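One structure is given here, and the rest of the page talks about it.
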Amino acid sequence: VSFGYQDIDASEKAGRVRAVFSNVAAKYDLMNDAMSGGMHRLWKDRFVRRVKPRAGELILDVAGGTGDIAFRMHASGAAITVSDINPQMLEVGMERARKKGLEGLIWAEENAETLSFPSASFDAYTIAFGIRNVTHVQQALNDAHRVLKRGGRFFCLEFSTTLWPGFSDVYDRYSHTMVPKLGKLLANDEESYRYLIESIRRFPDMATFKGMIDKAGFVQSNVEPMLGGLVAIHSGWKI
Ligand code: SAM
């Protein structure tokens, strides 16, 4: 399967994503704060408010990395599985959970495109700042639909394309010059951050991505743009 916005070879992309996140795992929080001016915390808070996790629910957080989303949902009493393709990110997450004294999270090494869970396993599926790194996005969306129960809900937090014209120019300049520099300065890794910015630029716009969610079989799909769509929450229901 190939999508128009992907012009790098699929296996090359998977390899690069692995290398990037292995490199950034240790400095992950610091870099997120530096790059977003701390705003990623607010976006994640809002995301979890939309998910509304409830006690007893089974929730799968995909591309869960160092646990940012799972930790925010933990107090709800939902049973949360944090999955990520990269064991180094999971290790940083497990260590953070231990330090925070959070118990009961399940950690699983999983590729979003080919989840090992049986169909109809979860009440909610979350993916935050993860799907743009997946090689075959439609395949990941299809598998999200598969693992959800009927009545289950899908939520995705991701960078998108802001529709505010002036802001879009400023952001473009910021991301292409400042972010790789911050990467070099704080994590001694300019290339990884160049890749991350590139992956944001290549990702489909809000309407296109919403179409892909519909195509996976979700209904009542919805987009909630933030900062004009620089970041967006996409959601949908499985019926
Ligand atoms: N959800 C976390 C957050 O919001 O802080 C982590 C986001 S981090 C930017 C992206 C994560 O996606 C990385 O941990 C990376 O290993 C993971 N990832 C990349 N490709 C993946 C795939 N095909 N399946 C599952 N996870 C993947």
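Odds and ends about this structure:
- Between residue 198 and residue 22, the modelled labels are 1.8 nm apart [label points 7 Å from Cα along Cα→Cβ].
- Segment residue 75-residue 164, length gained on full extension (0.36 nm per residue, minus Cα span): 28.4 nm
- Comparing 85, 60, 10 along the charge dipole axis of the range 1-95, the residue lying farthest to the positive side is 60, per the Cβ-charge model.
- Between residue 121 and residue 188, the FRET efficiency estimated from the beta carbon spacing at R0 = 41 angstrom works out to 0.55.
- Kirkwood Rh in Å, taken over the range 39-141 so that all alpha-carbon pairs contribute: 13.7
- Per residue, the average separation of C-alpha pairs within less than 8 Å and at least 6 apart gives the range 10-237 a relative contact order of 19 percent.
- In the range 10-237, the ratio of gyration radius to Kirkwood radius, Rg to Rh, stands at 0.94 when only Cα atoms are counted.
- Estimated inter-spin distance, residue 99 and residue 224, nm [label 7 Å along Cα→Cβ]: 2.9
- Close Lys pairs in the chain, defined as Cα atoms under 23 Å apart and 8 or more places apart or on different chains, number 23.
- Packing-based order for 154-164, 30-40, 47-57, using average beta carbon neighbours within 10 Å, highest first: 154-164, 47-57, 30-40
- Estimated inter-spin distance, residue 109 and residue 30, nm [label 7 Å along Cα→Cβ]: 2.6
- Of 177, 209, 25, farthest towards positive along the dipole that unit charges on Lys, Arg, Asp, Glu beta carbons give the chain: 209
- For residue 205, residues with placed amide H under 5 Å, excluding near neighbours: none
- Debye, to nearest 20: dipole size of the range 10-237, +1 on Lys, Arg Cβ, -1 on Asp, Glu Cβ: 420
- Derived scalar couplings between HN and Hα for the range 171-184 equal 5, 4, 5, 4, 5, 7, 9, 6, 4, x, 5, 4, x, 5 Hz in order, rounded to whole Hz, by the Karplus curve 6.51 cos²θ - 1.76 cosθ + 1.60 (θ = phi - 60°), x for Gly and Pro.
Just so you know, all these numbers are worked out from the coordinates, no wet-lab data involved. Computed from a prediction, not measured in an experiment: that's the story for all the values here. We place every Cβ from the backbone using ideal geometry, glycine too, and count neighbours over all the protein chains shown.
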